[in-house]
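Read the structure below first, then the notes.
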Amino acid sequence: MTPLLSHFAQTLANGRISSSERQEIKQLIQQMALTSHDLAFLRHKIFDMGRSALTSLSPGEVLIWLEEANKLLLGKTKTNLAQEVFFSPGEECLEAILGRLRNATRSVDICVFTISDNRISREINFCHQRKLNVRILTDNEKRFDKGSDIEEFERNGIPVRIDKSEKHMHHKFAVVDDKIVLTGSYNWTRSAATRNEENILVTNHKPTVKAYMKEFEELWEMMKEL
């Protein structure tokens with residue numbers, strides 16, 4: 001996969017993927033027997049490249065390049081996601097979250113009881129740097145927990161609303177690009193990955209996505225008043 005990554009790196013150095021480079025990359029992808037694991041690895045490396053390039057390119061330039069690179073890879077497998085289920089302990093749930101954040105192109109609405117896993121927080125911040133519309137809802141009692149990243153998100157300019165009611169905001173879900181929902185018992189913490197028996201369901205079932213979007217918007221408006 002090194003030649004393919006080298007091609008992508010060269011296009012990033014130019015700040016764009018030209019038509020001829022796009023054809024070269026497409027041909028190279030077609031010649032390779034890429035598995036789903038290979039594609040996940042390549043997307044991970046490409047997002048690492050984009051993050052590193054923020055020192056020399058603007059966030060807008062990096063976003064355009066990431067979108068083009070991602071489309072080339074996703075063109076290899078026309079994925080029609082119905083639903084996938086992931087379990088912890090282990091890295092399955094973590095990688096499910098990171099993968100959907102990296103593939104986001106427009107918006108990420110996060111409604112999670114507590115967020116303290118720095119690996120996830122880095123991707124959330126990077127979504128914001130890529131000029132995606134990121135919003136976060138969380139619970140007031142977990143905001144000041146040791147390791148909580150909520151205040152960091154606020155300092156970085158990400159819109160955050162806190163449930164200050166007597167009830168717990170105990171949801172653990174996210175809506176990506178208004179098309180995909182991640183939901184389940186999994187809190188976005190390291191202990192959820194290393195110690196707890198947890199689960200995440202990922203689905204693009206339209207009625208399910210709409211229901212979660214509606215719940216997020218209602219909570220977002222309600223918490224504005226608290």
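Where a number appears in this text, it was derived from the coordinates with a stated rule and is not lab data. These figures come from a predicted structure and were not determined experimentally. Because the Cβ atoms are built from the backbone with ideal geometry, glycine has one as well, and the counts that use them run over all protein chains shown.
Numbers below:
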| item | result |
| --- | --- |
| Listed residue (Gln10, Val85, Ile97) projecting farthest to the positive dipole end of the chain, Cβ model | Gln10 |
| Computed [θ] at 222 nm, helices only, for the chain once each DSSP H run of length n ≥ 4 contributes -39500 (n - 2.57) | -16000 deg cm²/dmol |
| Fewest-first sequence of Asp38, Asp109, Asp48 by Cβ atoms within 10 Å of each Cβ | Asp48, Asp38, Asp109 |
| FRET E, pair Glu61, Gln83, Förster distance 35 Å, beta-carbon r, rounded to 0.05 | 0.50 |
| Length added when fully stretched, Ser185-Lys131, from 0.36 nm per residue minus Cα-Cα | 16.6 nm |
| Residue order, fewest to most surrounding Cβ atoms within 10 angstrom, among Val160, Val62 | Val160, Val62 |
| Calculated Kirkwood radius over Cα pairs in Å (choose from (1) 18.5; (2) 19.9; (3) 17.7), label | (1) |
| Relative contact order (%) - segment 83-224, alpha-carbon pairs under 8 angstrom, separation at least six | 33 |
| Test item: Cα-centred dipole of the chain, Lys/Arg +1 and Asp/Glu -1 on Cβ, debye | 560 |
| Proxy reagent accessibility, fewest Cβ within 10 Å first, across Tyr212, Tyr186 | Tyr212, Tyr186 |
| Net length gained if the chain between Ser18 and Glu197 were fully extended (0.36 nm per residue, minus Cα distance) | 59.8 nm |
